[in-house]
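The values are calculated or read from the model by the stated rules, or taken from the named source; none is laboratory data. Keep in mind the model is a prediction, meaning the values are calculated, not measured. Reconstructed Cβ throughout: ideal geometry from the backbone, glycine too, with neighbour counts over all protein chains shown. Ligands, DNA and RNA are excluded from the accessible area calculation, which covers all protein heavy atoms including side chains. Shrake-Rupley method; radii C 1.70, N 1.55, O 1.52, S 1.80 Å.
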Amino acid sequence: MEMKNNRMLEGKNAIITGSGRGIGRAAVELFAESGANIWACFRSVGEKDKSFLREMAEKNGVWIKPVCFDLSDSDSVDQGIKKIIKEKEPINILVNNAAVSFGTALSMMPIKRIKELFDVNYFAQLQIIQLVCKAMIRQKCGSVINIGSVSGMEIYAGNLAYGSSKAALMYATKVLSKEYASHGIRVNAVAPGTVHTDMDQTRTEKQMKEVLDKTALKREAAPEEIAKVIRFLSSDDASYITGAVVVVDGGRTDF
């Protein structure tokens, strides 16, 4: 039974990247319901997005501000995050959610494309953490949640680019948890399995069956189920958790 007092993030301010769809959109909705103010980050924001953000803000008595930047462009990332920092509001939570996915055998993939994927899935994430944690250090507190993937743990053909980028981010999570602990900043990661999002609908029917056959619960996760784990790690209820990679995969992996 979920607590009636669900406002476990009351008064906290959160940055959520990839807010336009999937896990990011679910996190925006859940964080708003939980009392958090949000900088909702998009590559570009449409009227439907703005309407959704207004509805969530009004319904839950919080503010939600859209911020646009392109993770493939380091100057754009720099400008977007510095725009947030210049507001001089405390930044309590960073959810590094935005990512891109593609894969094929190395023999068929230009190295340039792998670099482009790492720019978004790894280097942009580090850039955001570096900028945001400068503000968190001044506050002497903060929580960073990186969205990894079980693809960074499993080994299968065609998964080199995406899987390696997520493995790198999850390793970075553990290292950064050590580096930032003395400043009161916790750094954790969530590693989802198959989630019902646009990104995970690129599999063929046969590929999806193969994944679900080795998943104990025999189904995909809803984005909200991943968002609830992100919310927990963001909250004071997880105050003694740092450097963790929480696998949320319905019993798919065995590590």
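Close amide H pairs (under 5 Å, H built 1.01 Å from N) link residue 94 with 15, 143, 144, 145, residues at least 5 positions away or on another chain. The phi-based Karplus calculation (6.51 cos²θ - 1.76 cosθ + 1.60; θ = phi - 60°) puts the 3J(HN,Hα) values of the range 206-217 at 5, 4, 5, 4, 4, 5, 5, 4, 9, 9, 4, 7 Hz, whole numbers, x for Gly and Pro. The ellipsoid equivalent to the alpha-carbon distribution of the range 106-248 has semi-axes of 29, 20, 11 angstrom, derived from the gyration tensor eigenvalues as √(5λ) and listed largest first. Relative to the longest principal axis of the Cα atoms of the chain, helix 124-139 runs at roughly 30 degrees. Cross-link pairs exceeding 27 Å between alpha carbons, from the set 86/174; 112/166; 112/134; 134/174: 86/174; 112/134.
Relative contact order of the range 121-255, taken over Cα pairs closer than 8 Å and 6 or more residues apart, is 30 percent. Extent along the principal axes, Cα only, for the range 176-255: 48, 24, 20 Å, with the longest axis given first.
Hull volume per residue, based on the alpha-carbon atoms of the range 65-127 and their convex hull, is 88 Å³. With 30 Å as the limit, the listed pairs 65/214; 50/88; 178/209 have 65/214; 178/209 beyond it between alpha carbons.
Compactness of the chain, taken as the C-alpha radius of gyration over 2.2 N^0.38 Å, stands at 0.97.
Between the helical axis of 22-33 and the dominant principal axis of the chain, each derived from Cα atoms, what acute angle in degrees is found, rounded to the nearest 10? Relative to the chain, helix 22-33 is tipped by roughly 30 degrees. In the chain, the longest principal axis of the Cα atoms and the axis of helix 160-180 are about 40 degrees apart. Ligands, DNA and RNA excluded, the heavy atoms of residue 228 present near 90 Å² of accessible surface to a 1.4 Å solvent probe. The rule of thumb for compact globular proteins, 2.2 N^0.38 Å, goes into the C-alpha radius of gyration of the range 213-255 1.33 times.
Between the listed residues 99, 6, 24, the Cα displaced farthest toward the positive end of the dipole of the range 1-110, a dipole computed from Cβ unit charges relative to the Cα centre, is found at 6.
Hey, any idea what the orientation-averaged projected area of the convex hull of the range 1-98's Cα atoms comes to, in nm²? Result: a mean projected hull area of 6.3 nm². Rolling a 1.4 Å probe over the protein heavy atoms gives the chain an accessible area of 50 Å² per residue. Put 33, 116 in order of accessible area, highest first, and with a 1.4 Å probe you get 116, 33.
For residue 67, nonlocal amide neighbours, meaning residues 5 or more places apart or on other chains whose placed amide H falls under 5 Å from its own, are 40, 41, 42.
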